[in-house]
Amino acid sequence: MEKEILHRFYKKSHAEKIKALYRAEAISEEDYQALTKETLKLSPSVANEMIENYILNYEFPFGVAMNFVIDEKERLIPMVTEEPSVVAAASNAGKIVGLSGGFQTEMKERLMIAQIVLKNVSDIKTATKNIQENEEEIIDLAHAAYPSILNYRGGARRVDVRLISADTEFETPEFLAIHLVVDTGEAMGANIVNTMAEAVAPFIVELSGGSRLMNILSNYATESIASAKCVIQPKYLATKTMSGETVRDRIIEATQFALADPYRAVTHNKGIMNGIDAVLLATGNDWRAVEAGAHAYASKSGQYRSLSRWTKDEKGNLVGQLKLPISVGSVGGTLSIHPGAQFAYRLLDQPCAAELSRILVAVGLAQNLAAIRALVTEGIQRGHMSLQARSLAIRVGATGENIERVAKRLQEAKHMNSTTAQEILEDLSKKSL
Ligand code: NDP
């Protein structure tokens, strides 16, 4: 990738951006043509097969976050989002982290969990023993239900038994949850593990003496934890009015607050998910699954807390860390049929599922850094409002060059709202008569 050609990417026109990506060899000639002719769209005939009662393709903007260095590789990050500040913020944080060496990421294993939930198990001890003694047979049954997974070097790896005790406060009875832990190869694996779970359930019921309540994938993907880390020299954090050291310390304090207070932690983590969801959406992955898992992980101590940690090392550098359960695929699902998602994968240089998981966590950490840095320095509104001003201009009917003109005057106005935007637009229209 020829990085210099992408310099000041945000300043280029839409057509120049696409040309620059092609010239920088970040996209192929085929994708360049497809982007120019706007042919990377989901066809209505395919969409009609994707969901019930389909009537319309509802579009979101697809942008590219720049400046990311993840595990020493330069990356362009595809993002689909309707929130104005997300791509700019990610690019900004990517640049700050890139100046200090980029993100280091890790994912040790990638296993999905299917639950077979049993009730009315009268003898928990014997049921557990029977299930454990027949683990191999259960695994064989799972493979017989989805044999192709073995071709992809995946397969069921183990069977865990969890007792969920009765709870008097919530008036819940005792349950026995059997976890079938599966390597789903390159797939996210929801359909694969659900098929397996349904196939093994009757045998598990037989072994347990209880009755089956249900079987389904757990989106709490605790066996698919990806992590990202960055170490930033304070000088790269400085603003016009604050030293890098002050910004670093305030970022650490802001995280301490988000660790302690769930009201703040929710918004702190929402900022992380702004980035992760945008990449999940771009790559056609199940963002609801990752969202749900992430928030459960944020509560694993018994209280909802910040997902990220920001501390300082002995040299005074700011150290950021983020760890999350990530369940994504590089095959199957929406990716197999959506041209935009397939393009996003090509833009990312076709990562495998584990690599994509690691990229996602790095993007989440970048998004978190951008948000907290803005919050503890100039405040979030300044950056937000310049982009918001353009949305407001469009909302009141500005088109073409007038969008920028209205947005510029809106930012100088006392009140940035639709009435002011309307007045500015009318004034500009009068002047152009
Ligand atoms: P698919 O049902 O698409 O299954 C994966 C496909 O990828 C299979 O057809 C498989 O081939 C193929 N494949 C090709 N190469 C590989 C490889 N290397 N490793 C593994 N599979 C490979 O998708 P998933 O099972 O991943 O399920 C994901 C979908 O399920 C998402 O769309 C998600 O939204 C949805 N879902 C999510 C739920 C949730 O709770 N989160 C619940 C239910 C569904 P082959 O045909 O040879 O097996």
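The values are calculated or read from the model by the stated rules, or taken from the named source; none is laboratory data. Nothing here was measured: the structure is a model prediction, and the numbers come from that model. Counting neighbours? That spans all protein chains shown, and the Cβs are built from the backbone with ideal geometry, glycine included.
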Inset, instruction - Could you grab the pairs with beta carbons closer than 7 Å, sequence gap of 6+ or different chains, first residue in segment 115-130 and at positive phi, second one modelled with pLDDT of 95 or more and of a type in the set (S, T, N, Q)? - result: N120/S211
Inset, instruction - From (1) more than 21 Å from N67 (Cβ to Cβ); (2) in contact with a strand residue (DSSP E or B) (Cβ under 6 Å, 6 or more places away or on another chain), pick out the condition that doesn't hold for F9. - result: (1)
Legend entry - Residue under evaluation I139, criteria (1) without any contact (Cβ under 8 Å) to a residue 60 or more places away in the chain; (2) among the aliphatic types (A, V, I, L, M); (3) touching a Ser or Thr at 6+ places or on another chain (Cβ under 9 Å), criterion not met: (3)
Inset, instruction - Assess whether A89 counts as being at pLDDT 95 or above and buried (at least 18 other Cβ atoms within 10 Å of the Cβ). - result: yes
Inset, instruction - Considering only segment 228-253, state which residues are of a type in the set (G, A, S) and buried (at least 20 other Cβ atoms within 10 Å of the Cβ). - result: A228
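Inspect segment 359-368 for any residue being surrounded by fewer than 24 Cβ atoms within 10 Å (Cβ to Cβ) and touching a residue at least 24 places away in the same chain (Cβ under 8 Å) and give the result as yes or no. Can you show your working first?
The initial filter retains those residues of segment 359-368 that are surrounded by fewer than 24 Cβ atoms within 10 Å (Cβ to Cβ), namely none.
No - not one qualifying residue is present in segment 359-368.
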Inset, instruction - Could you list, in sequence order, all residues of segment 56-70 that are under 19 Å from G340 (Cα atoms) and of a type in the set (A, V, I, L, M)? - result: L56, V64, A65, M66
Inset, instruction - Answer yes or no: is there a residue in segment 232-252 that is touching a residue at least 40 places away in the same chain (Cβ under 8 Å), within 29 Å of I326 (Cα to Cα) and not in a helix (DSSP H, G or I). - result: yes
Legend entry - Out of E223, E186, E135, E198, sole residue that is more than 27 Å from the chain's Cα centre (by Cα), within 16 Å of the ligand (Cβ to nearest atom) and surrounded by 14 or more Cβ atoms within 10 Å (Cβ to Cβ): E198
Inset, instruction - From (1) in contact with a Lys or Arg (Cβ under 6 Å, 6 or more places away or on another chain); (2) more than 30 Å from I252 (Cα to Cα), pick out the condition that doesn't hold for A354. - result: (2)
Legend entry - Near pairs, Cβ below 6 angstrom, 6+ apart or cross-chain, from segment 35-52 (without any contact (Cβ under 8 Å) to a residue 12 or more places away in the chain) to any residue that is outside any helix (DSSP H, G or I) and loosely packed, with under 13 Cβ neighbours inside 10 Å: A47/N57
Inset, instruction - Kindly indicate whether E412 is acidic (D, E) and at pLDDT below 90. - result: yes
Inset, instruction - Filter segment 49-59 for residues that are surrounded by fewer than 13 Cβ atoms within 10 Å (Cβ to Cβ) and either within 29 Å of E29 (Cα to Cα) or not acidic (D, E) (or both) and give the result. - result: M50, I51, N53, I55, L56, N57, Y58, E59
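Please verify whether V279 is part of a helix (DSSP H, G or I), in contact with a Pro (Cβ under 7 Å, 6 or more places away or on another chain) and within 16 Å of the ligand (Cβ to nearest atom), treating the condition exactly as stated. Explain how you work it out, then say what you get.
Working: part of a helix (DSSP H, G or I): yes; in contact with a Pro (Cβ under 7 Å, 6 or more places away or on another chain): yes; within 16 Å of the ligand (Cβ to nearest atom): yes.
Here the answer is yes, as V279 does meet what is asked.
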Legend entry - Residue satisfying all of: in segment 329-350; crowded, with 19+ Cβ neighbours inside 10 Å and over 23 Å from Y58 (Cα atoms); farthest from the ligand (Cβ to nearest atom) among these: L348
Inset, instruction - May I ask you to verify whether L259 is within 15 Å of the ligand (Cβ to nearest atom), surrounded by fewer than 24 Cβ atoms within 10 Å (Cβ to Cβ) and closer than 30 Å to L99 by Cα? - result: no
Inset, instruction - Return the pairs, sorted by first residue and then second, in which the second residue is more than 9 Å from the ligand (Cβ to nearest atom) and among the polar types (S, T, N, Q), the first residue lies in segment 281-300 and is in contact (Cβ under 8 Å) with a residue 40 or more places away in the chain and under 18 Å from A260 (Cα atoms), the beta carbons are less than 8 Å apart, and the residues are 6+ apart or on different chains. - result: Y297/T222
Inset, instruction - Scan segment 283-324 residue by residue and report those that are outside any loop (DSSP other than H, G, I, E, B) and more than 16 Å from the ligand (Cβ to nearest atom). - result: A298, S308, R309, W310, T311, K312, L318, V319, G320, Q321, L322, K323
Legend entry - Condition check for E30: farther than 20 Å from T334 by Cα and out of contact with any helix residue (DSSP H, G or I) (no Cβ under 7 Å at 6 or more places or on another chain): yes
Inset, instruction - Could you please tell me which pairs satisfy a Cβ distance under 7 Å, a separation of 6+ or placement on different chains, a first residue in segment 208-225 that is farther than 30 Å from E106 by Cβ and assigned to a strand (DSSP E or B), and a second residue that is among the small types (G, A, S) and away from the ligand (no atom under 15 Å from the Cβ)? - result: R212/A201; N215/A201
Legend entry - Answer residue from segment 138-152, given it is exposed (fewer than 14 other Cβ atoms within 10 Å of the Cβ) and more than 15 Å from F203 (Cβ to Cβ) and is nearest to the ligand (Cβ to nearest atom) among those: S148
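Do you know which of the residues in segment 153-183 that are in a loop (DSSP other than H, G, I, E, B) and surrounded by fewer than 14 Cβ atoms within 10 Å (Cβ to Cβ) is farthest from the ligand (Cβ to nearest atom)?
Checked segment 153-183; the qualifying residue farthest from the ligand (Cβ to nearest atom) is T168.
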